[in-house]
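The values are calculated or read from the model by the stated rules, or taken from the named source; none is laboratory data. Predicted, not measured: the structure shown is a model, and the values here were computed from it. A quick note on method: Cβ atoms are made from the backbone with ideal geometry, for glycine too, and the neighbour counts reach across all protein chains shown.
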Amino acid sequence: MTESNQSTETGLEGELVAWLKDNWDPESTVAEWWERLGTAGWAAPSWPAKWYGQDLSPSEAVRAQQIIAQFGALGPPGGLGLLLAGPTIAVQGTDEQRDRYLRDIVTGQKAWCQLFSEPGAGSDLAGLSTSAVRDGDQWIVNGQKVWTSTGTTADLGMLLARTDPDVPKHQGITYFAVDMHQPGVEVRPLREMTGRALFNEVFLTDVVVDDDAAIGGVNNGWAVANTTLGFERSGLGAGGGSAAGGLAGPGTVTGDLARRAGDFTEKRGRRAGGGGMGFVGYETLTELATANGTIADATVRQDLMRLFSLYEIAKYTRLRQKALAGRGGSVPGLGNIAKLSMSDILRRTRDLGLQILGARGMLHGYQSSEAKALAERDGNQLAVGVTEAALFAQGPSIYGGTDEIQHNILGERVLGLPREPSNDRSMPFRELPRNG
Ligand SMILES: Cc1cc2nc3c(=O)[nH]c(=O)nc-3n(C[C@H](O)[C@H](O)[C@H](O)COP(=O)(O)OP(=O)(O)OC[C@H]3O[C@@H](n4cnc5c(N)ncnc54)[C@H](O)[C@@H]3O)c2cc1C
């Protein structure tokens, strides 16, 4: 670290710690705390100061979240509002839309979900067929979405809908902010093999969205969607995620806004070497292996070191990417590589975790009561986290664009390899052959 970086970091730390001393109060409600944090610019410090940020570089913003966590305060609202919708609107929205949506995101008042994927459009997202038909200054939306994470608790959705089927598929899509609490929006949870129901099917029947909720303009949704996907890949890529966020749920549905803020920090979970639901770090695995004696196995020690090294590489890659982005630069494909690296790390974590657990790895608490009973039997929470992470390990290689799609992007857009032959960039969407 250079001298000037050091002094900048000390300045940031001093300023933020002083602010936290004056403002953090574990007795306040989550809503009151997030109001203070968000409006002071510390929930999204890399955003422009004019729009609830602090104009910090991305790496300084990561450091700010670490300082909040180390101080013991509750971090910013987690979820897709702060991760995806906010930064997308900050880049692609009008001032009026920034005014309307960003404050509720940084203060956690509104939670968002991402209504992109459909039963017939995942990797081929631009093939989506949910339609939005203009009716005066409104649009009427019909269709089905799937895999919608946190759909049951969302107040608003980032909706991709087809607004012009008579142009090639990438050109006739619009990106809307849609109210999830309206007639015609039906959210059906899908239970996954971890036992949780993280994602949902969402059925949209004559759902109404105002024209002024089209982010980035009508028929420009593909560019806006790619802005969101860019934030998704770098956010979900190696080591991403806020250190302290995500413990309390934003929005009007979870009920966390009215709860005591300190309740969330006092039971803050273990998040070594990664963080978030379904993620277990090398520190947890080392602790488990030490406790049950498998640390004596040289292959376990070797794999732990490999995992540690991969996390470190991922961390520095992410910092490099963020530092470059802060200066307006980029390394083509780095976000895709970061995401591929995280998929790899999580599969290795699964394999090593199950090796360390041995036969215990075959038991999993699908209901929270079962998980609690197993944790009590084991005398700690760690094994429960490992089986959860093992069952969730397939997820990251699918969401945000599958591993195969990341490879395709690297091949075509970074290495300049020829695209797969296709007529879908010239033929109107209506004329393209489609399933069902
Ligand atoms: C945990 C989780 C959370 C998610 N959350 C959300 C969410 O909140 N909102 C949302 O909109 N979506 C969400 N998704 C959906 C996710 O984005 C899609 O699952 C993903 O884009 C893949 O689409 P698909 O499932 O339709 O698979 P398909 O596109 O049908 O792919 C099936 C298989 O074919 C391969 N394949 C497809 N096309 C190609 C190609 N051209 N070249 C090589 N291989 C190819 C894929 O890699 C994959 O292995 C989530 C997914 C998961 C697992």
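Please verify whether Gly237 is at pLDDT below 95 and not charged (D, E, K, R), treating the condition exactly as stated. For Gly237, the condition - at pLDDT below 95 and not charged (D, E, K, R) - is met. If you go through the range 144-175 and pick out every residue that is in contact with an Asp or Glu (Cβ under 7 Å, 6 or more places away or on another chain), within 15 Å of the ligand (Cβ to nearest atom) and part of a strand (DSSP E or B), you end up with 3.
Scanning the range 395-411 for residues that are within 7 Å of the ligand (Cβ to nearest atom), touching a residue at least 40 places away in the same chain (Cβ under 8 Å) and not β-branched (Val, Ile, Thr) yields Gly395, Tyr399, Gly400, Gly401, Asp403, Glu404.
All told, Gly41 meets the bar of being at positive phi, among the small types (Gly, Ala, Ser) and surrounded by 19 or more Cβ atoms within 10 Å (Cβ to Cβ). The residues of the range 350-378 that are of a type in the set (Gly, Ala, Ser), within 18 Å of Glu287 (Cα to Cα) and surrounded by 15 or more Cβ atoms within 10 Å (Cβ to Cβ), listed by number, are Gly353, Gly361, Ala375. Residues of the range 118-143 that are touching a residue at least 12 places away in the same chain (Cβ under 8 Å), assigned to a loop (DSSP other than H, G, I, E, B), surrounded by fewer than 21 Cβ atoms within 10 Å (Cβ to Cβ) and within 16 Å of the ligand (Cβ to nearest atom): Pro119, Gly120, Gly122, Ser123, Ser129.
Could you list, in sequence order, all residues of the range 308-324 that are surrounded by fewer than 19 Cβ atoms within 10 Å (Cβ to Cβ) and hydrophobic (A, V, I, L, M, F, W, C)? Selection gives Phe308, Ile313, Leu319, Ala323, Leu324.
Just one residue in the set Asp95, Asp210 is under 30 Å from Met427 (Cα atoms), modelled with pLDDT of 95 or more and either surrounded by fewer than 17 Cβ atoms within 10 Å (Cβ to Cβ) or touching a Phe, Trp or Tyr at 6+ places or on another chain (Cβ under 9 Å) (or both); that residue is Asp210.
Among helices (runs of 4 or more DSSP H) entirely within the range 321-429, having at least 1 residues that are closer than 22 Å to Tyr311 by Cβ and not hydrophobic (A, V, I, L, M, F, W, C) singles out 334-357, 382-392, 403-409.
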